[in-house]
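Coordinate-derived values only; no laboratory data. Computed from a prediction, not measured in an experiment: that's the story for all the values here.
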Amino acid sequence: MMHIDTPSVRDQILATVSGAAEPISTVAVGAQAPRVTEIAPGCYPAWHAARPRPDVTETCHGDHHVRVRRRYDHEVYSQLRALERAGLVERVRPPGCRDVYWQATAAASSVALDELEALWNLPAEDPR
């Protein structure tokens, strides 16, 4: 199975966490994360007989299937852990709660401001 993923997934996850007014759970981040597109080579009759899950879109293209699904929580969690290692988010665990929540660090705000400044300083395109 081949995943077609954009390199900006981590940036989009960081934007979700940064935009939250309060710490946000891994599940809530995952609900807002971009969907995953997978390509499965081949076409097998069993795939057509299987009942698809409501959150998965699958289309047959004869020699391959394209499946679009939401990100699994463990996929989102691994991206959040990478952002944590980079110092851009931190874990928050409320007392007595098993769920993991996340909030952006001051470094994340600094990165966002640097990126906005870089965009602002791009040369304007000639409208001709």
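Out of residues 5 or more away from residue 64 or on other chains, whose amide H comes under 5 Å of its own, with H placed 1.01 Å from N in the peptide plane?
Counting only residues 5 or more places away or on other chains, the set is 42.
Tell me, what HN-Hα J-couplings in whole Hz come from the Karplus equation 6.51 cos²θ - 1.76 cosθ + 1.60 at θ = phi - 60° for each residue of the stretch 70-83, using x for Gly and Pro?
6, 6, 6, 4, 5, 5, 5, 4, 5, 5, 5, 5, 5, 5
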